[in-house]
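Contents: one structure, followed by commentary.
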Amino acid sequence: VSRQHLLHTEVRRQLANRPRETVVVQPSNKETAPGILLPLAFIYKRCPEAIIALFPSDHFILEEERFMNHVATAIQAVKQDPCRIVLLAIAPHEPEPEYGYVVPCEESGSHCRFGTRPVSAFIEKPRPELALELGMAGALWNTMTMVFKLHTLWQLVQRVHPTLYSNFCRILEAIGTVEEQQTVNDVYEGLKPVNFSKEITEKIADRHPKSISVLPVREVFWSDLGSRERVLRVLRRLTPRRAGET
């Protein structure tokens with residue numbers, strides 16, 4: 001959570017019964033990369049060999065059990081090959097220009113037995129005509145749900161964004177010491193916002209393509225609840241129309 005969240009009574013209520021060590025407080029919002037790496041630093045300190053499943057907090061998934069079966073498959077794929085990240089991506093059910101798309105490589109012998117495929121490209125928020133073409137060509141919506149071995153991601157961040165890596169190494173060294181909170185504050189004070197998709201995953205795919213794979217998720221309704229229109233779209237899907245209603 002960000003420190004600003006704690007100003008809200010409902011947030012404090014929801015966090016009240018959680019073990020203290022499971023709540024990580026960000027001094028401020030510095031975009032998605034720091035928001036992901038800060039809690040991962042605390043996990044890394046305790047268990048650097050952990051396998052992590054990362055879930056965005058503002059997404060809607062209708063067929064949750066089916067989706068989690070795909071997550072379990074991704075975990076098995078990472079156990080088999082700990083040197084790669086597995087990204088879950090949804091087969092589009094309509095052209096959506098506001099989403100990020102993942103273009104899998106053409107079917108070949110390089111995909112593994114868990115159904116993952118190499119990534120050819122990431123395309124962020126394509127124009128409507130291109131979104132339609134991408135869907136017809138087999139591109140997938142990027143859910144940003146991913147599974148990876150923590151040590152592997154840490155090494156890849158070092159390669160693609162050494163400045164960010166060195167900042168979070170400072171935090172990692174301070175965790176568990178009296179300097180922990182002050183170090184987090186100091187790092188965030190000078191930290192520039194960094195987007196995880198554009199500055200981390202896309203660079204990994206570009207520079208270290210064998211380190212990232214996509215797992216297509218079929219027959220699951222998914223939505224990024226990032227706008228009022230998408231929330232209403234989900235509600236309409238969940239609410240059966242009454243007889244005679246237009």
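The values are calculated or read from the model by the stated rules, or taken from the named source; none is laboratory data. Predicted model only: the values in this text are computed from it and were never measured. Ideal geometry is used to build each Cβ from the backbone, glycine not excepted, and the neighbour counts take in all protein chains shown. Quick note on the areas: whole protein, heavy atoms, side chains included, nothing else; ligands and nucleic acids left out. Shrake-Rupley method; radii C 1.70, N 1.55, O 1.52, S 1.80 Å.
In Å², and per residue, what accessible area does the range 65-213 have when probed at 1.4 Å with the other protein chains present?
49 Å²
Give me the percent relative contact order of the chain, please, defined on Cα pairs under 8 angstrom at least 6 residues apart.
The normalised contact order for the chain reaches 30 percent.
Using just the Cα positions, wrap the range 19-122 in a convex hull and report its mean projected area in square nanometres, one decimal place.
Average of the hull's projected areas for the range 19-122 equals 9.1 nm².
Using +1 at the Cβ of each Lys and Arg and -1 at the Cβ of each Asp and Glu in the range 1-135, identify which of 126, 36, 91 lies farthest towards the dipole's positive end.
Value: 36.
On a straight-distance basis, which lysines could pair with residue 79 in a cross-link, Cα separation under 24 angstrom, same-chain partners fewer than 8 positions away excluded?
Leaving aside lysines fewer than 8 places away in the same chain, those within reach of residue 79 are 45, 149, 203, 210.
Quick one: net charge around residue 48, please, counting Lys, Arg +1 and Asp, Glu -1 for every other residue with C-beta under 14 Å from its C-beta.
With Lys, Arg at +1 and Asp, Glu at -1, the net is +1.
So if I restrict to the alpha-carbon atoms in the chain, what is the Rg, and what is Dmax, the biggest pairwise distance, in Å?
Over the chain's Cα set, Rg and Dmax evaluate to 19.4, 66 Å.
What dipole magnitude, in Debye to the nearest 20, does the range 27-115 give about its Cα centre under +1 on Lys/Arg Cβ and -1 on Asp/Glu Cβ?
Dipole size: approximately 640 debye.
What percent does the relative contact order of the range 65-179 come to when contacts are Cα pairs within less than 8 Å and at least six residues apart?
Reported relative contact order: 32 percent.
With an 8 Å cut-off on Cα pairs and a minimum separation of 6 or more residues, tell me the relative contact order of the range 18-128 in percent.
The value is 18 percent.
How far is the Cα center of the range 70-91 from the Cα center of the range 169-212, in Å?
So the separation of the two Cα centres works out to 22 Å.
If the only charges are +1 at each Lys and Arg Cβ and -1 at each Asp and Glu Cβ, what is the size of the charge dipole of the chain around the Cα centre, to the nearest 20 debye?
The dipole of the chain has a size of about 380 debye.
Loop only per DSSP, at most 15 neighbouring Cβ atoms within 10 Å: give me the trypsin sites (Lys or Arg not before Pro) in the range 47-129, ordered by residue number.
113
Taking only DSSP H segments of four or more residues, each worth -39500 (n - 2.57), what value at 222 nm results for the chain once the sum is divided by all its residues, to the nearest 500 deg cm²/dmol?
-12000 deg cm²/dmol
Ignoring ligands, DNA and RNA, what percent of the accessible area of the chain is carbon or sulfur (1.4 Å)?
Its accessible area is 51 percent carbon and sulfur atoms.
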